[in-house]
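The values are calculated or read from the model by the stated rules, or taken from the named source; none is laboratory data. The model shown is predicted, which means the values in this text are computed figures rather than measured ones. Every residue, glycine as well, gets a Cβ built from its backbone with ideal geometry; the counts of neighbours run over all protein chains shown.
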Amino acid sequence: MKTLVSAFTALLALGALGQPAAAADLVIYTSQPNEDAQATVDGFKAANPGVEVEWVRDGTTKIMAKLMAEIEAGNPVADVLLIADTVTLERLKQDKRLLAYKSSEASSYDASLYDADGFYYSTKLITTGIMYNTQAAMKPTGWKDLAKAEAKGLVSMPSPLTSGAALIHAQTLAGNPALGWDYYKALKDNGATAAGGNGAVLKSVATGEKAYGVVVDYMPIREKAKGAPVEFVFPSEGVSAVTEPVAIMAGTKHADAAKKFVDYVLSEKGQQGFLKLGYIPARNGMPVPEGFLARDTIKVMPLNPAEALKSSDKDLKTFSEIFGGNG
């Protein structure tokens, strides 16, 4: 295996061929898309010449399954995690699997975006809002519009049973007194469907199969730039967000390199890298990608990772009871 894992070998990461070599100074497990992961590592290496890095990429659920299997076997390979959400890392924190590190870059972040003890830090904001086909009769501005008669049978959304971002989204909206689980019941009564992930929602709305979709921001914004007949709305009530946090594994043998990586992704240079990839940087004072609203106009609804972790099983059950087979 080459020192830096290629996109091809990253896809094989869960098999024997994808096992990172012992010679690496830093092994990163990430849920970033392959191109994004490569760009992030390239940026880090440019800022830290001489540090050899390997990365393994898959969805957060599969990455966690791999990691936990390694922990059970007494041989966790990852030094750093850069995965979808804070709730997953809160679980690892509570299980004492993470190393606390107080990065000097944290002063440039809202306190709500990182763990007060230094166990994990948000790196970007990937919000969930509403997309609609430009041929749709109604132009939604808020979440409640999707429960109106004009949207009956025309709404698609990802299932929390499939998508981690969708679970975070459901927990965030359920915790909003103006919405709550009653809102999801109203969506179900209005013929909304919930299945699969964000990619399936994007396709259904872009092709006109559905008029409206609940989806992560960058997908429709990128597709619109390519000419797709879609628009994205940051709803008036606010949006949910996953923040792709970074954390250091407690058993790392490469703590110095791991700390450098955390500092890099939180630094202005690292955040500029995420901006170039089309994401909203988590760091204060940064611009946003073309096609997004100004950062200070995007209202992010709150979510407490510890409370969300505690209620995850119950919330999944509640969602399944509402949507039944559609979930």
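Here is how the numbers come out for the structure above:
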quantity	calculated
Lone unmet requirement of (1) crowded, with 17+ Cβ neighbours inside 10 Å; (2) more than 20 Å from A165 (Cβ to Cβ) for V300	(2)
Pairs with Cβ under 6 Å, 6+ apart, first in the stretch 88-99 and assigned by TED's automatic domain parsing to the domain that holds A69, second part of a loop (DSSP other than H, G, I, E, B) and crowded, with 16+ Cβ neighbours inside 10 Å	L89/Y120; L89/P245; K93/F119; R97/A250; L98/F119; L98/A250; L99/A250
Residue within the stretch 132-151 that is surrounded by 21 or more Cβ atoms within 10 Å (Cβ to Cβ) and within 19 Å of A84 (Cα to Cα) present	no
Residues of the stretch 235-290 satisfying the condition of being of a type in the set (G, A, S), farther than 20 Å from A111 by Cα and touching a strand residue (DSSP E or B) at 6+ places or on another chain (Cβ under 8 Å)	A250, A255, A257, A258
The lone exception for A255 - which of (1) crowded, with 17+ Cβ neighbours inside 10 Å; (2) at pLDDT 95 or above; (3) out of contact with any helix residue (DSSP H, G or I) (no Cβ under 8 Å at 6 or more places or on another chain) it fails	(1)
Selected residue (criterion: surrounded by the fewest Cβ atoms within 10 Å (Cβ to Cβ)) from residues of the stretch 76-117 that are among the β-branched types (V, I, T) and part of a loop (DSSP other than H, G, I, E, B)	V77
Qualifying position, being under 18 Å from K299 (Cα atoms) and not assigned by TED's automatic domain parsing to the domain that holds A308, among A178, A111, A116	A111
Positions within the stretch 24-74 being in a loop (DSSP other than H, G, I, E, B) and under 15 Å from A258 (Cα atoms), in sequence order	A24, D25, N48, P49, G50, V51, E52
Enumeration of residues in the stretch 184-210 that are buried (at least 22 other Cβ atoms within 10 Å of the Cβ) and in a loop (DSSP other than H, G, I, E, B)	A192, K210
The stretch 118-163: number of residues that are in a loop (DSSP other than H, G, I, E, B) and within 19 Å of the chain's Cα centre (by Cα)	10
Index of the failed condition, P160 passing every other in (1) farther than 23 Å from N304 by Cβ; (2) surrounded by 23 or more Cβ atoms within 10 Å (Cβ to Cβ)	(1)
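Every residue, every condition in (1) touching a Pro at 6+ places or on another chain (Cβ under 9 Å); (2) modelled with pLDDT of 95 or more; (3) closer than 30 Å to A192 by Cα, yes or no:
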position: E70; (1), (2), (3): yes, yes, no
position: P76; (1), (2), (3): no, no, no
position: D85; (1), (2), (3): yes, no, yes
position: L92; (1), (2), (3): no, yes, no
position: L99; (1), (2), (3): no, yes, no
position: E105; (1), (2), (3): no, yes, no
position: D117; (1), (2), (3): no, yes, no
position: T127; (1), (2), (3): no, yes, yes
position: M131; (1), (2), (3): yes, yes, yes
